[in-house]
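Notes follow once the structure below has been shown.
Each value in this text was obtained by applying a stated rule to the coordinates, not by laboratory testing. For clarity, every value in this text was computed on a predicted model and none was experimentally measured. Here the Cβ positions follow ideal geometry from the backbone for every residue, glycine too, while neighbour counts run over all protein chains shown.
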Amino acid sequence: MVGERPPARADVVVVGGGLAGLCTALACAEDGASVVVLEASAIGSRTTGHSTAKLTALHSDIYSALVRGKGTDAAQAYAAANVEAVMSLRATIERLDIDCALTSATAYTCAATADGVERIEQEANAAQAAGLPAELVDAGLEVPALAAVALADQAHLDLGSVGNAPCYRRTAG
């Protein structure tokens, strides 16, 4: 609880109460470990709280970079892991009935310049080669962009609603 000292012993201590830390803590607890999450601030308020809180397998131009640097197999493995992570996190939110305004949405990586359009085209092709149902779109975007890679059935959430969750806070003394 906030302001209290954590237990003297725990199987696992997770430092950081952002999305990665909370997912790690939950996985360990569900595997039977006693877990303590230490957070210097409010849950989800630091890196996670300053993010767009997207749950997506689409990240900038990672697939074209992976195909170029490591090959299609690496891009496929990355895509599969990210798709599984999105599905798993959505299922966990629903299973635990976490009030975080989980909303299905299409994820976009956009190009605002003519030079960027070529990168977006390469990313759309690489994402498709990696097994994602990505599409290249150039019309109807809600932001000023010349083109975008679109990936449907992704999501976003609001971690502000879970920011008051109980956590241990280090106190002086």
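Relative contact order (percent) for the chain, with alpha-carbon contacts under 8 angstrom and 6 or more residues of separation?
Details: 290 pairs, mean separation 55.5, N = 173.
Relative contact order comes out at 32 percent.
Overall, the anisotropy analysis places the stretch 1-44 in the oblate class: the square-rooted eigenvalues a ≥ b ≥ c of its C-alpha gyration tensor yield a/c not less than 1.5, with a/b not exceeding b/c.
Where the alpha-carbon atoms of the stretch 54-157 are placed on the principal axes, they occupy 44, 33, 15 Å, in descending order. The dipole here belongs to the stretch 54-157: it is taken about the Cα centre, uses +1 on the Cβ of Lys and Arg and -1 on the Cβ of Asp and Glu, and is about 260 debye.
Take each peptide in 83-89, 63-69, count the other Cβ atoms within 10 Å of every residue, and average; sorted highest first, the result is 63-69, 83-89. What residues of the stretch 21-39 lie in the reach of a label at residue 10, counting those whose backbone N is under 11 Å from a point 7 Å from the Cα along Cα→Cβ? It comes to 22, 25-26, 29, 34-39, nothing else.
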